[in-house]
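The values are calculated or read from the model by the stated rules, or taken from the named source; none is laboratory data. Here the structure is a predicted model, which is why all the values come from computation and not from measurement. We work out accessible area using only protein heavy atoms, side chains counted, and drop any ligands, DNA or RNA first. Shrake-Rupley method; radii C 1.70, N 1.55, O 1.52, S 1.80 Å.
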Amino acid sequence: SSSGSFQNGLLALMTTIYQISAVLVAEDVNSTLRMVEYHQPALVVLDMSLPEMQDVITQIKDQYPLIQLIVLVEDRAQGEAAEVLGVDGILIKGFSAQQLVDIVVNIIDGWDDSRLVQKTTEEEMNTD
């Protein structure tokens, strides 16, 4: 599917950013919240067009205020809604690979060393 191709491309691009030590992909709202709770990453990229994403953003910002959020939006109206929720970066879909890299690197470059993520594996979280 085109969304699968987009997700794969995004995943491949994120792994090329040297400051990022791990990239995890959540399939739905519940797994997103579980991963955030378990790993408490420094940075999360969310697709604002997915159902319940405004609630997810609010929960993450309320419970983990140090986590930086970048959201991918369909249009300016979604971007404005995301901005109201306090996200740290907004990209309108159709963005270039360089725009994504730039926003991620700019956010990461603003961190001190204590904010950098420890390497983890997905196996550590799979404790079903």
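What shape does the stretch 1-112 take by its C-alpha gyration tensor, where a ≥ b ≥ c are the square roots of the eigenvalues and a/c under 1.5 counts as rounded, a/b above b/c as prolate, and the rest as oblate?
Values: a/c = 1.17, a/b = 1.05, b/c = 1.12.
Taking the square roots of the gyration eigenvalues as a ≥ b ≥ c, the stretch 1-112 is rounded.
Of SER5, SER31, which has the most accessible area with a 1.4 Å probe, and how do the rest follow in descending order?
Descending order: SER5, SER31.
Using heavy-atom solvent-accessible surface (probe 1.4 Å) with all chains present, what is the largest-first order of ASP55, ASP62, ASP47?
On the way: ASP55 95, ASP62 115, ASP47 35 Å².
From most exposed to least exposed: ASP62, ASP55, ASP47.
Whole number in Å², please: accessible area per residue of the stretch 6-72, 1.4 Å probe, ligands, DNA and RNA not counted. Present the calculation step by step, with values, prior to reporting the outcome.
Numbers: 3610 Å² over 67 residues.
Accessible area per residue: 54 Å².
Subtract the Cα-Cα distance of ASP47 and GLU83 from 0.36 nm times their separation in residues, and report this length gain in nm to one decimal.
Numbers: separation 36, 0.36 × 36 = 12.96 nm, distance 1.37 nm.
Length gained, ASP47 through GLU83: 11.6 nm.
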